[in-house]
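Trainee: First the structure, then my questions, so here it is.
The values are calculated or read from the model by the stated rules, or taken from the named source; none is laboratory data. Here the structure is a predicted model, which means the values were calculated and not measured. A quick note on method: Cβ atoms are made from the backbone with ideal geometry, for glycine too, and the neighbour counts reach across all protein chains shown. Protein only, heavy atoms only, side chains kept; ligands, DNA and RNA dropped before computing areas. Shrake-Rupley method; radii C 1.70, N 1.55, O 1.52, S 1.80 Å.
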Amino acid sequence: MNIMVVGGTGLLGYHAVVIGLERGHAMRALAVKDIDLEGWFPKQVPVDYGDVFAMSEAELINRFAGCDALVYAVGPDDRVVPPAPAYDFFHQRLVTACEKTVKAARKAGVKRCVILGSYFAYFDRLWPKKQLAARHPYIRCRVEQAQRAIAAGGDSMAVMVLELPYIFGSMPQRTPMWKDVLLERFAKGRVIFFPKGGTAMIAAQHVGEAIIGAVEAGQHGMRYPIGDENHTFDAMLHMMMNTLGTPKKIIHIPRFLAVLAGYAIKRGERKKGRQSGLNPPDLMRDILTDYLYFDATESVQALGYGRGGLKEAIEETVRACYPEKFNS
C-alpha cells in the first residue's frame with residue numbers, strides 16, 4: 001500500500017514509517033519542517049511539508065492523492081498547558097483538524113485510516129463513575145476525536161483508533177519528552193515524592209508495529225487499547241534513575257495531599273491565564289493515584305504487534321535525554 005503518515009517525522013510517525021518500509025509498503029510523510037532529516041530519515045520516503053492544522057481541506061486532498069491509507073500521528077497531547085479555555089485549544093487540534101483531515105483523505109480516495117488517540121478514552125469507557133471526559137478537557141476531546149473521525153470515514157473508508165498509553169523509546173534528532181516531564185524534575189535531591197499508582201506502557205517500536213498492523217488488518221470503527229506491560233510508577237522511576245546512575249528513594253504522596261497539590265497547580269495556572277487539559281485535582285484523585293492497567297492480548301492478536309523490551313526502551317529513552325552523559 002501507499003501510506004501517508006501525517007506527523008511522519010515525529011516519534012511515533014517515524015517508527016510507523018520504518019516498520020511500513022520493512023513490510024514492503026510505500027511510505028510518505030506530511031510534516032512541519034522543524035528538524036533536519038539529512039543522514040538519518042529514509043531517503044526513499046518523500047516528505048511533504050505543511051501544517052495540517054492550518055491547511056485547507058482542498059490542500060489536504062491534493063496532498064493525499066494516490067494514497068491508499070492514512071496515519072494521523074499528530075497531537076497535541078496532555079502535557080500541553082494552553083491558554084484557557086483548554087477545551088477550545090484541544091478541540092480545534094484534536095477534533096476539528098482531525099475530522100477535516102479524515103474527510104480530505106476520504107475525498108482523495110484513501111480507503112484506510114488510523115488515528116493515534118489516548119488510552120484515557122478507553123478508561124473513560126471502563127470507569128464511567130469517574131466521569132473522566134466530563135472532568136478533563138483533554139480526555140473529552142480524545143473521546144470526541146474518535147467519534148468524529150470514525151463518522152468522517154463514512155461508507156467508503158475504514159477508520160480505526162489506537163488508544164495509546166505511556167510510550168518509551170527514541171528517534172534521531174529529537175529529545176524525548178520524558179526529560180522535561182520527569183527526569184529534570186527529579187534530577188536534584190535524594191528523594192522522589194510521587195503518588196502511588198501505575199500504568200500500562202509500551203515501546204515506541206511496537207507502537208509503530210501496531211500502526212502498520214491497523215493499516216493492514218484493523219476493522220472500521222474499532223478502538224484498540226494498545227499496550228504491553230503494566231508497571232507501578234515506582235518501577236518506572238527506578239528504571240529511569242538507575243539508568244542515570246542516580247538511584248533514589250521514592251516516598252508516596254497520600255491521595256489527599258496529592259489532591260491539595262493539584263488545587264495549588266490549578267491556581268497557579270489560572271493566574272497565568274492557562275488551563276491544563278487534565279484537571280490537576282482530578283488528575284491526582286482519579287489517575288495518578290490509581291492503576292491504569294489493562295490486558296492488551298486482544299489488540300496484539302488483532303494487529304500483530306510485538307511485545308517485550310520495555311526496560312530496554314526506558315533505558316534508551318534516558319540515554320537519548322542525556323546524550324552528552326552517555327556518549328562520553
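Trainee: Which of the peptides 156-168, 23-35, 205-217 is most tightly packed, and how do the rest follow, going by the mean number of other Cβ atoms within 10 Å of each residue?
Mentor: The most tightly packed comes first, giving 205-217, 156-168, 23-35.
Trainee: Taking all protein chains in place and a 1.4 Å probe, what share, in percent, of the accessible surface of the stretch 219-328 do carbon and sulfur account for?
Mentor: 54
Trainee: Moving to a separate point now. Any idea what log10 I(q)/I(0) is at q = 0.07, 0.13 Å⁻¹ for the chain, Debye with uniform C-alpha scatterers and no solvent?
Mentor: -0.28, -1.01
Trainee: Mean 1/r over all different Cα pairs, inverted: what Kirkwood radius does the stretch 162-218 give, in Å?
Mentor: Taking every pair of different Cα atoms in the stretch 162-218, averaging 1/r and inverting gives 13.9 Å.
Trainee: Expressed as a fraction of 2.2 N^0.38 Å, the rule-of-thumb size for a compact globular protein of N residues, what is the C-alpha radius of gyration of the stretch 172-313?
Mentor: Relative to the rule-of-thumb radius for its length, the stretch 172-313 sits at 1.22.
Trainee: Treating the beta-carbon of each Lys and Arg as +1 and of each Asp and Glu as -1, no other charges, what is the dipole magnitude of the chain about its Cα centre, to the nearest 20 debye?
Mentor: The calculated dipole for the chain is roughly 1140 debye.
Trainee: Considering the options PRO172, MET241, GLY218, tell which one lies farthest towards the positive end of the dipole of the stretch 164-260, charges being +1 on Lys and Arg and -1 on Asp and Glu at the Cβ, about the Cα centre.
Mentor: MET241
Trainee: Explain nothing, just the number: relative contact order of the chain, from Cα pairs under 8 Å at least 6 residues apart, as a whole percent.
Mentor: Reported as a whole number, the value is 20 percent.
Trainee: Connecting C-alpha atoms closer than 10 Å in a GNM of the chain, tell me which of SER118, SER299, SER56 has the biggest fluctuation.
Mentor: SER56
Trainee: Against the empirical 2.2 N^0.38 Å scaling, what ratio does the C-alpha Rg of the stretch 1-62 come to?
Mentor: 1.09
Trainee: Here is a follow-up. Relative to the longest principal axis of the chain, what angle (0 to 90°, nearest 10) does the C-alpha long axis of helix 11-22 take?
Mentor: With both axes taken from Cα atoms, the answer is about 50 degrees.
Trainee: Let me ask something else. Given the stretch 121-236, what percent of its DSSP beta bridges are antiparallel, to the nearest 5?
Mentor: 40
Trainee: For the chain, build the charge dipole from Cβ charges (+1 Lys, Arg; -1 Asp, Glu) around the Cα centre, then report which of PHE294, VAL71, ASN279 sits farthest towards its positive end.
Mentor: In the chain, that residue is ASN279.
Trainee: Separate question: Amide H neighbours of TYR224 under 5 Å, at least 5 residues apart or on other chains, H built in the peptide plane: list them.
Mentor: Those lying under 5 Å, H to H, from TYR224 are VAL161, LEU162, GLU163.
Trainee: Hey, can you grab everything whose amide H is under 5 Å from the amide H of ARG274? Only 5+ residues off in sequence or another chain; H modelled, so Pro and N-termini drop out.
Mentor: Here ALA84 satisfy the definition.
Trainee: Quick one: 3J(HN,Hα) in Hz for the stretch 44-58, Karplus 6.51/-1.76/1.60 with θ = phi - 60°, rounded, Gly and Pro as x.
Mentor: 7, 9, x, 10, 8, 9, x, 9, 4, 6, 9, 6, 7, 4, 5
Trainee: Would you mind pulling out the separation of the Cα centroids of the stretch 256-328 and the stretch 91-112, in Å?
Mentor: Answer, in whole Å: 27.
Trainee: If you don't mind, there's one more thing I want to ask. Out of the DSSP beta bridges found with both residues in the chain, what percent are antiparallel (nearest 5)?
Mentor: DSSP beta bridges in the chain are roughly 10 percent antiparallel.
Trainee: Right, something else. So what are the ³J(HN,Hα) numbers for the stretch 166-177, from phi and the Karplus equation (6.51, -1.76, 1.60; θ = phi - 60°), rounded to whole Hz, Gly and Pro as x?
Mentor: 3J(HN,Hα) across the stretch 166-177, in whole Hz: 5, 10, 10, x, 8, 8, x, 6, 10, 7, x, 5.
Trainee: Whenever you get a sec, compute what percent of the accessible area on the stretch 41-138 sits on carbon and sulfur atoms (1.4 Å probe).
Mentor: 52
Trainee: Roll a 1.4 Å probe over the protein chains and send me the accessible area per residue for the chain in Å².
Mentor: Roughly 44 Å² per residue, with all protein chains present.
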